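Single-structure report; data block below.
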């Protein structure tokens, strides 16, 4: 079975608060507190590992996130955040391939 790398957004308490402030009200009003978010992510990572796949934490830089959204003419929302971390994961994989050659 081929292991799949799964991107996981990773925030500092400050970046978490900043990203929440960028989200539409409908998405941020039920967002968990940072500590609970971390606990949920750690549980998710364990589930990914136990399924034989590999979680990959993608640190979120708020300025980079905002610039990416602006360049792509997107509003920050849950869907676009998922797209952003997938792009970051793909870029990381490409950098690793290039460094091996």
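We did not get these values from a lab; they are worked out from the coordinates using the rules stated. Since the model is a prediction, treat every value here as computed from it, not as a measurement.
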The chain: proportion of alpha-carbon pairs further apart than 16 angstrom, %: 62
Intensity falloff of the range 46-101 expressed as log10 I(q)/I(0), Debye formula with alpha-carbon point scatterers, at q = 0.17, 0.24 Å⁻¹: -0.68, -0.99
Helix-derived mean residue ellipticity, 222 nm - over the chain, DSSP H n ≥ 4, -39500 (n - 2.57), to 500: -20000 deg cm²/dmol
The chain: relative contact order in percent, alpha carbon pairs under 8 Å with at least 6 residues between: 41
